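Below is one structure, written out as structure tokens; the observations come after it.
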Amino acid sequence: MPTALITGATSGIGAEFADQLAARGDDLVIVARDEARLSETAERLRATYGVDVEVLPADLADRDRTTLVAERLASVDRPIDLLVNNAGFGMHKRLLDPDVLPELDHALEVMLRAVFQLGGAAGRAMRLRGSGAIVNVSSTAMFVSLGSYSAIKSAVTAYSESLAVELAGSGVTVTALCPGWVRTEFHERAGIGTSKIPGAAWIDAPDLVRDAIRDTDRGKLVSVPTAKWKVAIAVARVAPRSMIKFVSSKIKSGR
């Protein structure tokens, strides 16, 4: 039976990955900061789907804890077949804010350095076995210019593409998942206002994850789930950068 390791597995997109992977019979290793919430999630998944669920508490801003997760990914006796690098959070500071560095340092640890470390550990172990898949959760924000978050997610996608090149021919696939506006607690927890976002722009987490799992199983390098976001990003890819910058400025100003 395959085993998936999911970071940020107790809420939002990560929790939906846990449910859908468990529903298809995958055993799980779930990673998050809150040990009590992890245990509650594990009990629910075991009871609902009858799969094995291992709990691994870790704040990925703590390098020692991240190393423990990397060691679990590297295990020969208990192999991980799918890594979902999902842990992350919204960001408030503007690039020119004088106090941006503490938030930026935290974000770089969780959403970039940990992704590199865990992706590398999983990639090496999977390459030795000749099979496996890595999903790095990026964002459609990488296609626009919206501050630190866009820059970090652009780096996640570039990393995914580079890792895929190194793993080419090994039997291991890498997918950069680029969600749009998803109905989860992500924005509320980050204190991000969403009242000006059109209703048609939103997608539901189950639809997002269903498409993401399908794209991962097909070995797709960049996954933009749902037809409406595929169209939006196709337009963004060919639009002049001046237009993207203009639209980004309007989104940032709330207009």
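The values are calculated or read from the model by the stated rules, or taken from the named source; none is laboratory data. Because the structure is a prediction, the values reported are computed rather than measured. Here the Cβ is made from the backbone with ideal geometry for all residues, glycine too, and neighbour counts use every protein chain on show. Ligands, DNA and RNA are stripped out before the accessible areas are found, and what is left, the full protein with its side chains, is counted by its heavy atoms. Shrake-Rupley method; radii C 1.70, N 1.55, O 1.52, S 1.80 Å.
Structure values in brief
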| item | result |
| --- | --- |
| For Val135, distant residues with modelled amide H under 5 Å away | Leu83, Val84, Asn85, Thr175 |
| Summed side-chain charge close to Arg33 - residues other than Arg33 whose Cβ falls under 11 Å, Lys, Arg +1, Asp, Glu -1 | -2 |
| Under 5 Å, built H, 5+ apart or other chain: amide partners of Arg33 | Ala58 |
| Where region 56-109 is the region considered: accessible area per residue in Å², 1.4 Å probe | 55 |
| HN-Hα J in Hz across region 60-70 - Karplus 6.51, -1.76, 1.60, θ = phi - 60°, x for Gly and Pro | 6, 7, 9, 5, 5, 5, 5, 5, 5, 5, 4 |
| Protection proxy ranking of 42-51, 105-114 - average other beta-carbon atoms within 10 Å, highest first | 105-114, 42-51 |
| Peptides ranked, highest mean first, by Cβ atoms within 10 Å: ranges 149-155, 31-37 | 149-155, 31-37 |
| Separation of the Arg44 and Ser131 label points, Cα + 7 Å toward Cβ, nm | 3.1 |
